1. Give me the helices (runs of 4 or more DSSP H) completely within the range A:461-519, filtered to those with at least 2 residues that are modelled with pLDDT of 80 or more, surrounded by 12 or more Cβ atoms within 10 Å (Cβ to Cβ) and touching a helix residue (DSSP H, G or I) at 6+ places or on another chain (Cβ under 9 Å), ordered by residue number.
2. Residue B:298 is checked against (1) closer than 27 Å to residue B:381 by Cα; (2) surrounded by fewer than 24 Cβ atoms within 10 Å (Cβ to Cβ) and fails just one. What number does that condition carry?
3. Does the range A:90-131 hold any residues that are within 14 Å of chain B (Cβ to nearest Cβ) and touching a residue at least 40 places away in the same chain (Cβ under 8 Å), and which are they?
4. All but one of (1) surrounded by fewer than 24 Cβ atoms within 10 Å (Cβ to Cβ); (2) within 14 Å of chain A (Cβ to nearest Cβ) hold for residue B:194; which doesn't?
5. State yes or no: is residue B:433 more than 14 Å from every other protein chain (Cβ to nearest Cβ), over 26 Å from residue B:277 (Cα atoms) and in contact (Cβ under 8 Å) with a residue 60 or more places away in the chain?
6. Can you name every residue in the range A:360-376 that is modelled with pLDDT of 85 or more, surrounded by 22 or more Cβ atoms within 10 Å (Cβ to Cβ) and assigned to a loop (DSSP other than H, G, I, E, B)?
7. Which one of these does residue A:163 not meet: (1) at the interface with chain B (Cβ under 9 Å from one of its Cβ atoms); (2) buried (at least 22 other Cβ atoms within 10 Å of the Cβ); (3) over 18 Å from the mean Cα position of the chain (by Cα); (4) assigned to a helix (DSSP H, G or I)?
8. Looking at (1) surrounded by 23 or more Cβ atoms within 10 Å (Cβ to Cβ); (2) in contact (Cβ under 8 Å) with a residue 60 or more places away in the chain; (3) not in a loop (DSSP other than H, G, I, E, B), find the lone condition where residue A:168 falls short.
């Protein structure tokens, strides 16, 4: 574990300066929530442990723990890059040098006026900061109770940033840092393409060579974003190994980095990964929280009462929370993706359902099976679809400083629709998770409580996903009788993918000369699986509910691709 | 008291244009000589003097609000509308004049622009673009500095929201519960739908069937925002006509929200006024950045709202060159273009007199451009006036040049501009070599290009990209 001497001094200087900016009530009060039990009853399955913790590290962690309930004494992170027991640098030796170099550069640039001035200039003129703290009048009205009481809801408008999300804050800063380090080549991996586009954007801005690794399957699904990245001058490399998705792309990117470590900087998009990334990304996003504090002071002369943000890897949430961790009267709420539901096994609720383990070089909560293998996460929003979570979130959860809840796909889609209609702002599906949690949160809040929600991204990119739900006539919730029948086990329910439905659409058109509606095609597609299981001569009646003239355009588009 | 407030809000007053402006005619670069026979087509009412019963509400103190009291800019503009609309337009005009000086409205509007739209938008020094042009300059290292006014960062992705939000607020003040609008590329539709959602107004957007096909994601966005999208056989022109028809049917409860500086008075003045925040911010930011004024302003012109928004503030500063860029489509000779000012004649369309694309019979020609927002057969009357008075220069860029410019800015600055905006950027290629070293050029980066990605792919971009 390489550490630099400047590390601890940096932390002290930062907390000392932040101490000047605001007064703090020192005794830790827990008025609004009860800390979660810190001793989780079941055993921690630690997967892929590369380095064993030396005892003195654990002692350090214990010390942080002993600091107990006063967040001002917490070391986030300590000199070993650990948040309590989370975080660390579980990486191959070849990368250790690059990480220490990065850490040193980061600490020296944190106090470098030139760098800070240049960064501030770019954030202002290129990214378009500061982003407004917007009072959501109609949303507040929506959550007002019958007696006229209710919380006041404010949105921190990160969706107005260049490229439409908070991601750019970090990408710009890291690119600038790479330039300072004299590295001319940037690599990054991307799943849905958002992080790739942000990285390609800043590389174009600074004239750096940019290589993006992306799973071949993802490239097909996200053709538009691939085009966007190439338009911005980035080279997009398809990864065909393994499942050809994000985690294979990540492995490939790390392989590249190990090979070209002298010339290359690896831009990580979230507060995950080995130290110093979680700290660095957090500090680059911390501008969100700092602006919020200032704007809150201007708008109502105080602090927010509750902060809400969605958590995938956790960068946008950390950006908002970081500034307020020491203000113990500010409640912090992170919202994870529960996908089809926490019990379905198809979700991305790492903090709610995961165990502690090591992934991508850091210890944190993970979604893993009994053998410590990573479980594929699921969420309707690509940005929350991550099997891990930032180590600092794990820490804040264990310390009981932040609360974490989860929201299903369906609830998120409802919120997506609701906020579009009420405020005229289309949120990203990631952000919709945070917005959906307001449904549960608001009735429990006192009158006049000020809620600040991190509106982390705009939803233009998700409109296509919404089209799928709208055009196919599938509703976001099914009728109550179906729920009942399913519960009673009288009717079996299966699901069919878009692809299978389209196949059935083609098949039935060709075989029977009847073009079925895409809705009907779902029923037809299920025959593929059903028929082999049926006895000879069984008679199947299928409700051919509609004809497909209306869907021909849609189908052609998909089938051609 | 209130009059001083107006000055603060409005910035520099604009009086009638003095004759001496004609001296600047020689700066026209690509414009055609003005065709002398002015045909007036579709004349619904001829007006030379003020209308009977015309109420000059507060206009005496603000003569600079319009070309003249009749909504005319020189010979352009006016109110060529059926009688039924006159009282409606008059109410609108009164309300508009009132809100300009109404403190309450201004406070609400300023707050909405700041917190909802995300103003002010940066004036961004495009370092790498500047360097690019310096590198290709003949004399080494000389060239102007290029700044982008980042309207693409506004909520909704273009400058359209400035105007939509303000007018929706007026609609609410007039007691209308319903807003109708027509849209071409869908940008104005999305902006209107967003503003209506925010202010809880019912919203109906008319859109041509061909446009609906091309811009399906914008259509869905509008629906998500709670607007009703009605399809009209044809394109934007037909949608506009249909929207106006719908409005005339329900004048009491409905507000027609024009998205651009065309249509009968007061709509050109009103839209210009609400967009002029672009120019005002530019002046202030220029002062901060280099302590002076810009030397050249560049903006694309479809019907002209983003161009006027930027130009208006600087019209009286004669040392500031104003350059508007129209879409030449497949080329001016091809007949497939939207270069109204370059080859159009004067006529009346959608309620006001202006340059138009029309055939010998005065029938409107179908415009074409890759930037859907530039596809309009007319142009704002004030833009026509600026051209005729020689105060502004107008030139054209083809589809191909626009695509090239779009790719160039994406690669150099990491900003994907809308194809409309790309026309303005395309002209830099020709403009920059003629400028002195260190001249400050401000380009209105009016919208972002996310909506155009599909078009770019279909247009057979270099295969390396796909």
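1. On the way: elements: A:463-471, A:480-488, A:498-512.
Counting at least 2 such residues, we get A:498-512.
2. Residue B:298 satisfies all of (1) closer than 27 Å to residue B:381 by Cα; (2) surrounded by fewer than 24 Cβ atoms within 10 Å (Cβ to Cβ) except (2).
3. As a first pass, look at the range A:90-131 and keep what is within 14 Å of chain B (Cβ to nearest Cβ): A:118, A:120-131.
Those that are within 14 Å of chain B (Cβ to nearest Cβ) and touching a residue at least 40 places away in the same chain (Cβ under 8 Å): A:118, A:122, A:123, A:126, A:127, A:129, A:130, A:131.
4. (1)
5. On the way: more than 14 Å from every other protein chain (Cβ to nearest Cβ): yes; over 26 Å from residue B:277 (Cα atoms): yes; in contact (Cβ under 8 Å) with a residue 60 or more places away in the chain: yes.
Judged against the criteria, residue B:433 is a match.
6. Listed by number, the residues that qualify are A:361, A:367.
7. Here residue A:163 clears every test but (3).
8. The one condition residue A:168 does not meet is (2).
The values are calculated or read from the model by the stated rules, or taken from the named source; none is laboratory data. Source: prediction; values computed, not measured. All Cβ positions, even for glycine, are placed from backbone atoms using ideal geometry, and neighbour counts span all protein chains on display.
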